[in-house]
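Notes follow once the structure below has been shown.
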Amino acid sequence: MNVKHIALMLALLAPGSAMTQGFAGLGAQADGFAVPTAGVEFDFPADHGPHPDYRIEWWYITANMTDADGTDYGLQWTLFRSALAPDDGSGWTAPQLWMGHAAVTTPDAHYVTERLARGGIGQAGVTADPFEAWIDEWSLSGPDFDTLSMTAAGPDFRYDIDLAATGPLIRHGDNGYSVKSAEGQASYYYSQPAYDLSGTLTLPEGPVEVTGTAWLDREWSSQPLSDNQSGWDWFSLSFDIGDKMMGFVLRETEGTQYTSATWITPDGTVTPMPNGAFQAQPRTNSDVAGRNVPTTWAVQLPERGVNVTVTALNPQSWMSTLIPYWEGPVSITGSHSGRGYLEMTGYE
């Protein structure tokens with residue numbers, strides 16, 4: 001669902017009191033910032049760019065890849081924008097702050113790094129047409145959203161990847177208005193879940209040529225959670241039959257939860273699923289960075305006959321960033337087979 005990574009940036013920026021208002025302060029009041037409303041149509045390509053009147057936003061890619069020997073890999077590239085005030089500005093007084101996360105996951109290792117930047121000085125930013133998102137030398141760019149090149153590097157890895165869209169953009173919720181709580185908190189949320197991928201991973205043991213698929217999420221809001229939501233479990237699943245599914249569970253402090261899902265057919269037809277239709281229950285937990293984290297899940301969407309087991313490629317896919325979380329590739333078995341990605345926050 002991707003409320004996800006933007007929380008990490010907000011957690012660094014919000015006043016200390018906000019940290020108790022939903023996970024990472026995402027339930028804090030949106031005073032002075034714009035708030036999503038239903039019935040607003042997206043404007044492309046402009047909406048591929050930043051929305052400085054909103055407090056939080058991200059450009060986020062995950063990818064499932066395979067090398068010539070059949071070894072599976074995962075990849076993450078994320079750029080987050082968070083605002084101290086609802087305007088753009090320039091120079092060192094600009095209120096926009098930026099964070100980048102990059103990771104590569106193998107069956108035996110998880111490499112992760114991050115970057116921080118201040119807006120207004122050219123160190124990080126996004127332009128819509130032609131599209132370019134960057135932080136330092138990391139970049140995601142192309143003539144449009146359908147054809148992109150992506151690069152990032154850390155102390156022990158690098159990747160250089162090309163992406164080509166094979167389907168349309170997908171709007172989640174009510175034509176892109178994605179509700180996140182029973183109280184009505186929401187975000188604008190769309191995806192490109194159908195990129196073909198090719199490129200090179202450079203790992204400690206040397207370069208690896210890979211092919212695969214990628215999923216790009218775009219989301220922005222100012223108060224996407226309620227103040228009682230303590231974390232989430234987010235799934236993007238691509239089935240071998242060609243259908244795809246995004247689903248998330250938002251965990252609430254009272255032990256209740258709020259869920260949402262989107263069913264996507266091979267031609268890009270979208271069916272939004274209401275609260276309660278999507279179900280996910282932990283089945284196996286792992287000791288991950290001193291935390292008890294579920295790394296095998298039972299996932300159901302009864303309306304579409306989905307009853308699957310989702311299993312982490314590498315249970316130790318811990319993002320040891322300033323605000324830590326779990327993110328990594330998964331396999332799918334059961335009523336449907338395939339691959340996907342899982343993100344989990346709020347496990348302490």
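Note: the chain, Cα convex hull, 126 Å³ per residue.
When Ile241, Ile332, Ile323 are arranged by Cβ crowding within 10 Å, least crowded first, meaning fewest neighbours, the order is Ile241, Ile323, Ile332.
Can you give the percent of C-alpha pairs in region 144-226 whose distance is more than 17 Å? Tail fraction, whole percent: 59.
Amide H contacts under 5 Å for Val330: Leu313, Gly340, Tyr341, Leu342, restricted to partners 5 or more places along the chain or on a different chain, H placed in the peptide plane at 1.01 Å from N. Listing Leu301, Leu322 from fewest to most neighbouring C-beta atoms within 10 Å gives Leu322, Leu301.
One decimal place: the segment Ala289-Thr127 gains 54.6 nm when fully extended, by the rule 0.36 nm per residue minus the C-alpha distance. Shape analysis of region 78-186 based on the Cα gyration tensor places the equivalent ellipsoid semi-axes at 24, 22, 17 Å, largest first. Working note: Karplus 6.51/-1.76/1.60 with θ = phi - 60° gives region 247-254 the couplings x, 9, 10, 9, 7, 10, 5, 7 Hz, where Gly and Pro are set to x.
Simple point charges give the picture: +1 on the Cβ of Lys and Arg, -1 on the Cβ of Asp and Glu, and for the chain a dipole about the Cα centre of about 720 debye. Selection among Val306, Ala153, Val208 by position relative to the dipole of the chain gives Val306 as farthest towards the positive end (Cβ unit charges, Cα centre). Residue-wise HN-Hα couplings along region 120-135, as the Karplus relation 6.51 cos²θ - 1.76 cosθ + 1.60 with θ = phi - 60° gives them from phi, are x, 10, x, 6, 8, x, 9, 10, 8, 8, x, 7, 8, 10, 8, 8 Hz; Gly and Pro carry x.
No lab work stands behind these numbers, since they all come straight from the coordinates. Please read all numbers here as calculations on a predicted model, not as lab measurements. Neighbour counts are summed over all protein chains in view; Cβ atoms, including those assigned to glycine, are modelled from backbone coordinates with ideal geometry.
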